[in-house]
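The values are calculated or read from the model by the stated rules, or taken from the named source; none is laboratory data. All values derive from a computational prediction rather than experimental measurement. All Cβ positions, even for glycine, are placed from backbone atoms using ideal geometry, and neighbour counts span all protein chains on display.
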Amino acid sequence: MEILSKTTEDTKKLAFSVAEKMRPGNVLALYGGLGSGKTTFTQYLTRALNSTSRIQSPTFVLIRRYKCNMNGIENINHIDLYRLSDADEIADLGIEEILNEKNTLNIIEWPELAEGYLPENTLKIIFEIIDENERKINVQNLP
């Protein structure tokens with residue numbers, strides 16, 4: 001599925017639609033350049049999943065955990081791998097254990113280095129900047 005998001009409201013609608021299909025154990029891999037909308041999408045997705053946490057980019061801390069209570073999901077791990085430079089750092093982060101946590105949804109920004117750890121059914125969302133306000137968003141493997 002591909003949409004053209006002309007406003008943050010369009011991105012919000014997509015995030016709420018995706019959230020309805022999320023279950024514990026799902027992994028979302030968010031691809032796209034800086035400022036392409038990955039964190040904005042995550043903010044709306046977590047809100048749709050009844051999280052009241054303040055969503056911030058985890059670029060400097062690598063992982064932020066949010067409480068949630070919807071569709072059997074109790075926790076959301078928001079992972080940002082932007083600052084990592086090789087697969088060994090991904091392993092040192094404990095990515096296998098993180099991706100196997102019970103009752104948890106995992107959202108990974110900049111997932112390229114972690115692709116070898118991602119489950120086969122990972123939901124991939126690719127954000128492409130068209131201009132200052134427009135984004136092309138391609139959703140692959142939506143359950």
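Worth a mention:
- Residue match in region 64-74 (condition: part of a helix (DSSP H, G or I) and under 16 Å from R23 (Cβ atoms)): no
- Among residues of region 49-67 that are modelled with pLDDT under 85, those with a Cβ under 8 angstrom from a residue that is among the acidic types (D, E), sequence gap 6+ or separate chain, pair up as S57/D80; S57/E109; P58/D80; P58/E109; T59/D80.
- Taken together, the criteria place E132 among residues that are among the charged types (D, E, K, R), over 21 Å from S51 (Cβ atoms) and more than 16 Å from the chain's Cα centre (by Cα).
- Which listed residue, of E101, E120, E132, is within 20 Å of L34 (Cα to Cα), among the acidic types (D, E) and not in a strand (DSSP E or B): E132
- Annotation: K12 fulfils all but one of (1) of a type in the set (D, E, K, R); (2) assigned to a helix (DSSP H, G or I); (3) farther than 28 Å from N133 by Cβ; (4) under 14 Å from the mean Cα position of the chain (by Cα); the unmet one is (3).
- Residue check for L93: modelled with pLDDT under 95 and touching a strand residue (DSSP E or B) at 6+ places or on another chain (Cβ under 7 Å): no
- Every residue from region 79-118 that is under 19 Å from N141 (Cα atoms), of a type outside the set (V, I, T) and touching a helix residue (DSSP H, G or I) at 6+ places or on another chain (Cβ under 7 Å): L99, N106, E109, A114, G116, Y117
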